[in-house]
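Structure record follows, encoded as structure tokens.
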């Protein structure tokens, strides 16, 4: 991986963790989440207008918006009920597992041996994270992970 790619990956990870931390620590998590969505929409709306959107794409945009709405609501519900240290890693950890399972079942695209080793490692991490005494929010974390997998597919 070259230096630019590494910097972009690290910046992405830092931003991602930061906006989740802002939601979790906010006095009103729902307002914090929607403020972030609104800011992002305002930043990218000019690009959408300039590029234009074919009519055939609009149903997918609406469907994606609905999935992201569910994602945002379940994430906020998870943070309302559980610790960031549980909800975030479980939601983010379960999503690639679900995507891999869906790819194997629907697309007949199963990972190789090292892919399965990686999946077992992630599953182990998710299970160990969720076995602690403070498991409030685990259901919402799993729902959030399912919605992440959905918008990934």
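Each value in this text was obtained by applying a stated rule to the coordinates, not by laboratory testing. Everything numeric here is computed off the predicted structure, so don't read it as measured data. With ideal geometry, Cβ positions are generated from the backbone for all residues, glycine too; neighbour counts draw on all protein chains shown.
Go ahead and set up a Gaussian network model of the chain, Cα springs under 10 Å, then flag whichever of 115, 125, 93 fluctuates most. Ranking 115, 125, 93 by mean-square fluctuation puts 115 first. Under 1.5 on a/c is rounded, so check that first for the stretch 1-64, then, if it is not, pick prolate when a/b is larger than b/c and oblate when it is not; a ≥ b ≥ c are the square roots of the alpha carbon gyration tensor eigenvalues. Cα axes put the stretch 1-64 in the oblate bin. Averaging the sequence gap over all C-alpha pairs within less than 8 Å and six or more residues apart, then dividing by the number of residues, gives the stretch 3-152 a relative contact order of 32 percent.
Multiply the residue gap between residue 56 and residue 124 by 0.36 nm, knock off their C-alpha separation, and tell me the result in nm, one decimal place.
20.3 nm
Ordered by the count of other Cβ atoms within 10 Å of each Cβ, fewest first, 88, 151, 79 give 151, 88, 79.
Going by neighbour counts of Cβ atoms within 10 Å, the residues 2, 109, 136 line up, fewest first, as 2, 109, 136. Helix-only arithmetic for the chain: the sum of -39500 (n - 2.57) across DSSP H runs with n ≥ 4, divided by the residue total, places the mean residue ellipticity at 222 nm at -28500 deg cm²/dmol.
Fewest-first ordering of 119, 106 by other beta carbons within 10 Å of each residue's beta carbon gives 106, 119. Reducing the stretch 18-53 and the stretch 60-120 to their Cα centroids gives an inter-centroid distance of 20 Å. Taking a ≥ b ≥ c as the square roots of the Cα gyration tensor eigenvalues, the stretch 26-153 comes out oblate, since a/c reaches at least 1.5 and a/b does not exceed b/c.
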